[in-house]
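Only one structure is covered here, and it is reproduced in the block below.
The values are calculated or read from the model by the stated rules, or taken from the named source; none is laboratory data. Because the structure is a prediction, the values reported are computed rather than measured. When we count neighbours, we look across all protein chains shown, and the Cβ atoms used for this are built from the backbone with ideal geometry, even at glycine. To get the accessible areas, we keep the full protein, side chains included, count just its heavy atoms, and leave off ligands, DNA and RNA. Shrake-Rupley method; radii C 1.70, N 1.55, O 1.52, S 1.80 Å.
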Amino acid sequence: MNAGNKVSIVRCKDYSHAKQAVREAIDLIGGLDGIVFPGARVLLKPNLLSAKPPEEAVTTHPAIVSAICELVVEAGGIPIVGDGAGITHPGVTDEALDVSGIREVAQRAGAEVLSFETSGYELTDVPKPSHFSQLYIAKPVLDADVVISLPKLKTHELTLFTGSVKNMFGAIPLKLRKEAHLLGKKDLFSGAVVDIYSTRVPDLALMDGIVGMEGNGPSRGTPVNAGILMASYDCVSLDVVASKLIGLDPMKVPTNRAAIERGYGTQEPEICGVPLDDVRMKFRLSGTTLVGSAPPFLVRRLGKFFTIRPFINTLQCTMCGACVMNCSAHAIEQKDGKLVINDKRCILCYCCRELCPSGAVKMKRSLFARILFKIRNRK
């Protein structure tokens, strides 16, 4: 077994014990000394999806960011915290840094704090590309000596699960995010996610699973106390174990499958610390997911009868335009002074729902989809 594929699991009942748990999780796989050298510029990439307070479990908790910043300083490194939030309006990343509490704790720990919206991007070749032969990647990611991914343990409406690999999606500008989503199918989109990941593979992943998110993740789900932290030098291996931990077959998570097919990670990582079976729990999946509800051949043959489509609740809609800005397929139109989704153009990427600040994007299910959800929820 490659030592880099080792994944640690430690218990942590609440965020007041975060630093001790973060240190333990990293020490179990070999510590920071092997990757952080004196004077190293260490880019810490949290999940900063949107401007939400930490108790909503949308973003990496500030206690985790604070703890890893302090440990990087102890190791002689120079911590830099940066990300690019889901772009609902210009400047949203700075807003998210403030609302999430990440900016305050990072600066207190001596870290520089950056927004990828304003720090610039650099054109980079993609090794063995699936879709993009070149990508614009945030300069702080490329300029760093060390990159540490700090994902949140969450379900995802498009990819079932979002973890260390998907966390690097924030390193590209809005235009490229829309191009990736425009690929439409989950497998194609996940291949594009791995393209992004491959341009600068993180040196370490530390997953915040103290409070995760189940249901309609990554932004509309329900916080759930999982009480764990996980660490690995290999993001894909960590995501495989995290998928198992929340009750998923790792190879049914399209980002895991795409990464492993490209030679990243392993399907059977070595686990150290707390045994997986001692902390395994079943997260509720999103309202767009029919995995395990019916035989795959039936869904393939009768797919058009299993539709789950977004629509805009005009009573909640504030006409902010975030959905329009993020719709890759240009499927959102204005009619009679209201925003509506053109079902013929919609590619079911659910970005409108994920990034709507007022929660106005809802889901409508066909009769067969409603029946399958009843079957799934009884299991």
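Observations on the structure shown:
- When His17 is tested against (1) outside any helix (DSSP H, G or I); (2) closer than 21 Å to Ala231 by Cα; (3) open to solvent by 10 Å² or more (accessible area, probe 1.4 Å), exactly one condition is not met: (1).
- From His89, His61, residue being touching an Asp or Glu at 6+ places or on another chain (Cβ under 6 Å) and touching a residue at least 12 places away in the same chain (Cβ under 8 Å): His61
- Counted residues, segment 267-277 - those being open to solvent by 30 Å² or more (accessible area, probe 1.4 Å) and assigned to a helix (DSSP H, G or I): 1
- Near pairs, Cβ below 8 angstrom, 6+ apart or cross-chain, from segment 330-345 (at negative phi) to any residue that is polar (S, T, N, Q) and open to solvent by 100 Å² or more (accessible area, probe 1.4 Å): Val340/Gln334
- Qualifying positions in segment 105-116 - of a type outside the set (A, V, I, L, M, F, W, C), assigned to a helix (DSSP H, G or I) and in contact with a strand residue (DSSP E or B) (Cβ under 9 Å, 6 or more places away or on another chain): Gln107
- Going through (1) outside any loop (DSSP other than H, G, I, E, B); (2) open to solvent by less than 10 Å² (accessible area, probe 1.4 Å); (3) closer than 30 Å to Val324 by Cβ one by one, Ile64 falls short only on (3).
- Number of the exception - Ala57 against (1) open to solvent by 10 Å² or more (accessible area, probe 1.4 Å); (2) touching a strand residue (DSSP E or B) at 6+ places or on another chain (Cβ under 6 Å); (3) at positive phi: (1)
- Taking the criterion of being without any contact (Cβ under 8 Å) to a residue 60 or more places away in the chain and either assigned to a helix (DSSP H, G or I) or closer than 22 Å to Asn326 by Cβ (or both), the residues of segment 74-86 that qualify are Glu74, Gly82.
- Boolean, Ile80 is at pLDDT 95 or above and under 11 Å from Leu48 (Cα atoms): no
- Qualifying residue in segment 278-290 (condition: open to solvent by 80 Å² or more (accessible area, probe 1.4 Å) and either at pLDDT below 70 or aromatic (Phe, Trp, Tyr) (or both)): no
- Tally of residues being under 11 Å from Leu204 (Cβ atoms) and over 21 Å from the mean Cα position of the chain (by Cα) across segment 1-36: 8
- Residue in segment 225-237 that is touching a helix residue (DSSP H, G or I) at 6+ places or on another chain (Cβ under 6 Å), open to solvent by 40 Å² or more (accessible area, probe 1.4 Å) and among the hydroxyl-bearing types (Ser, Thr, Tyr) present: yes
- Residue satisfying all of: in segment 186-224; under 23 Å from Ser100 (Cα atoms) and of a type in the set (Ser, Thr, Tyr); most open to solvent (accessible area, probe 1.4 Å) among these: Thr222
- Positions within segment 95-127 being more than 10 Å from Val65 (Cβ to Cβ) and polar (S, T, N, Q), in sequence order: Gln107, Ser115, Thr118, Ser119, Thr124
- Against the test of being touching a Gly at 6+ places or on another chain (Cβ under 7 Å) and open to solvent by 20 Å² or more (accessible area, probe 1.4 Å), the options Arg23, Arg41, Arg11 yield a single qualifying residue, Arg11.
- Considered as a group, the residues in segment 26-38 that are over 23 Å from Ala138 (Cβ atoms) and not acidic (Asp, Glu) include one that is surrounded by the fewest Cβ atoms within 10 Å (Cβ to Cβ), and that residue is Pro38.
- Total residues in segment 255-266, condition at negative phi and surrounded by fewer than 22 Cβ atoms within 10 Å (Cβ to Cβ): 6
- In segment 121-179, counting only strands (runs of 3 or more DSSP E) that sit wholly within it, none holds 3 or more residues that are open to solvent by 10 Å² or more (accessible area, probe 1.4 Å), touching a residue at least 12 places away in the same chain (Cβ under 8 Å) and within 16 Å of Arg257 (Cα to Cα).
- Enumeration of residues in segment 79-109 that are more than 19 Å from the chain's Cα centre (by Cα) and either crowded, with 24+ Cβ neighbours inside 10 Å or not acidic (Asp, Glu) (or both): Pro79, Ile80, His89, Pro90, Gly91, Arg103, Val105, Ala106, Gln107, Arg108, Ala109
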